[in-house]
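The block underneath contains the structure these notes are about, expressed in structure tokens.
The values are calculated or read from the model by the stated rules, or taken from the named source; none is laboratory data. Just so it is clear, the model here is predicted, and its values are computed rather than measured. Here Cβ is always computed from backbone atoms with ideal geometry, including for glycine, and neighbour counts include all displayed protein chains.
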Amino acid sequence: MQVTVTGRHYEVTPALHTYLDARLTRLHRFMDKILSAVVILSTEKHRFRAEVVLHTRGKDFTGKEIADDMYSALDRVTDKLERQVRRFKDRRTTTRRRAGAKAAATSNGTPFAGTLRVLRAGTVGRTPQEHELLHAGDFPIEKMTVDEAILRLEQAEESFVVFANRSSELIHIVFKRDDGHYGVLNLHATH
């Protein structure tokens, strides 16, 4: 993230710049697509004002706060931005989940369905009756593209997404690899 700091009637010290960088990098926990930040620090009489504009893909977030010292103003404005980013991310996730459930319910024909079984580690290699089942449930397999599946994986913070490819109707699994890239498994029935 590129950070531009401007001081109006206020000198920005290296210690303040370091503190500001630490506060802004905390926002990456909630949204990792922050492209840049513009920060304006100013004084008016004996009050300190901090204004921050975060530029992300598709949306900008703005916060302004006034306090008795600059560190408090920065704390307040970054807390305000954190709440805005959280709300935005929660709204997007909820909207996408509702849209996905609605699309699965109104898709042409019968939607795909599968059963998810979560097994306890260390039970691999045993017979099916010996596995210790932790969780099982049915879930719809939605029709989408690989790009949409990767976007869902990023938004929902899941470990993998199972979907039916819109063009080929084949079942795929998209997962995040340890190196940060994405992997796609194509499932084919063998005869």
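The single residue among Arg92, Arg83 that is touching a residue at least 60 places away in the same chain (Cβ under 8 Å) and either part of a helix (DSSP H, G or I) or not assigned by TED's automatic domain parsing to the domain that holds Leu24 (or both) turns out to be Arg92. Residues that are polar (S, T, N, Q) and modelled with pLDDT under 85 were ranked within region 129-164; the one that is farthest from the chain's Cα centre (by Cα) is Gln129. Any residue at all in region 25-43 that is among the aromatic types (Phe, Trp, Tyr), at negative phi and at pLDDT 90 or above? No, region 25-43 has no match at all. Is it the case, given these coordinates, that Tyr19 is in the same structural domain as Phe88 (by TED's automatic domain parsing), touching a residue at least 60 places away in the same chain (Cβ under 8 Å) and of a type in the set (Phe, Trp, Tyr)? No. Picking from residues in region 6-48 that are in a strand (DSSP E or B) and under 26 Å from the mean Cα position of the chain (by Cα), the one that is nearest to Lys64 (Cα to Cα) is Val39.
Every listed requirement among (1) at pLDDT 85 or above; (2) over 22 Å from the mean Cα position of the chain (by Cα) is met by Ala105 save one, (1).
Could we say that Val12 is surrounded by 16 or more Cβ atoms within 10 Å (Cβ to Cβ), at negative phi and of a type in the set (Val, Ile, Thr) here? Answer is no for this residue. Within region 57-82, the set of residues being surrounded by 18 or more Cβ atoms within 10 Å (Cβ to Cβ) and among the polar types (S, T, N, Q) comprises Thr78 only.
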